[in-house]
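Here the structure is laid out as structure tokens; the discussion comes afterwards.
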Amino acid sequence: MSPPTKTTNKSNIGNHETTESNQKDDMNHQKDDATASSRTTLKLKRAVPEIVSMEIKQKYQKGLEKQRQLLANLIFPSHIPSPCHPNVSSLAEVIRDLKEILTRKESESKSGGGGGSDSCTSEEKCPTTSSNLFSKQDIELLGRNPRGGTTERFVTPLQEILRVHEKCDVYLRRAKHYEMLAKKQQQNEKLTKENKNALLETVSMSKIFQMNYRYCIASISCPKRVAILNNCYSQYPPEVVQAMVKAGQHEFLCTKERKAVERCCGQKVQSLVRNLHER
């Protein structure tokens with residue numbers, strides 16, 4: 001009876017060894033799988049930041065390109081912010097008032113002198129606000145040559161200011177165009193991310209052309225002094241200008257040259273008023 005028992009024990013031992021071998025193989029396979037999985041996870045962890053980094057770079061490049069497109073519309077040095085520009089508000093106000101009176105006078109002449117004209121199809125053609133500075137009689141007086149005869153060889157203060165307006169009005173019209181477009185975009189109830197970006201771009205364009213208009217007034221009125229001012233601006237790097245604005249010291253940037261432009265533009269207004277009082 002004992003031999004069969006020994007045979008059975010050997011068989012069991014063999015089976016046990018086989019089982020242990022299979023378990024070791026399974027453990028090795030699990031280790032290999034775990035190693036492979038960890039490698040895959042590591043690759044994914046490395047790949048995800050790279051993808052995110054690429055997206056950030058693309059958005060950054062796209063933003064820079066859009067900024068370059070906006071700045072390309074500027075007629076003044078792009079690194080000089082508006083607080084550093086010459087203040088030409090008085091001359092701009094005079095031009096606005098003169099434009100309103102002359103536009104209203106033209107529309108009335110077309111309609112035979114009547115108050116309600118069929119040709120008045122927009123607020124731009126028929127201003128509703130009244131002038132605070134001049135009347136129709138003032139314009140007629142200013143349009144006359146105080147020296148007598150024709151005005152071909154003599155430029156009156158009014159003609160000079162109207163010349164400035166004719167040169168710069170294109171920027172004001174563009175500014176109003178983008179301002180109206182922004183109002184229409186704001187009326188859109190469902191503002192998606194793309195629509196919001198488009199609205200911001202439109203508002204930026206309106207502000208850019210407003211600044212262009214005022215800078216054009218200074219440039220056309222006093223070209224030599226503005227050229228000197230621009231030369232002064234060019235001596236300051238963008239980093240220095242930003243630091244001065246951040247520190248609230250932008251008033252000290254080209255102060256002498258900027259004030260010279262402001263005085264020159266102010267003299268245009270003084271000449272016009274003096275010319276009116278001398279009539």
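What are the residues in the range 49-80 that are part of a helix (DSSP H, G or I) and either modelled with pLDDT of 90 or more or of a type in the set (Ser, Thr, Tyr) (or both), if any? Matches in the range 49-80: Ser53, Tyr60. Could you tell me which residue of the range 81-103 is surrounded by the most Cβ atoms within 10 Å (Cβ to Cβ), considering only residues that are assigned to a helix (DSSP H, G or I) and hydrophobic (A, V, I, L, M, F, W, C)? Looking at residues that are assigned to a helix (DSSP H, G or I) and hydrophobic (A, V, I, L, M, F, W, C), I get Leu91. Contact map, the range 177-203: residues that are among the β-branched types (Val, Ile, Thr) paired with residues that are assigned to a helix (DSSP H, G or I), Cβ distance under 8 Å, separation 6+ or inter-chain. Pairs shown: Thr202/Tyr178; Thr202/Leu181; Thr202/Ala182; Thr202/Gln185; Val203/Tyr178; Val203/Ala182. A single member of Val240, Val245 is touching a residue at least 24 places away in the same chain (Cβ under 8 Å) and farther than 21 Å from Val164 by Cβ, and it is Val245.
The values are calculated or read from the model by the stated rules, or taken from the named source; none is laboratory data. Computed from a prediction, not measured in an experiment: that's the story for all the values here. With ideal geometry, Cβ positions are generated from the backbone for all residues, glycine too; neighbour counts draw on all protein chains shown.
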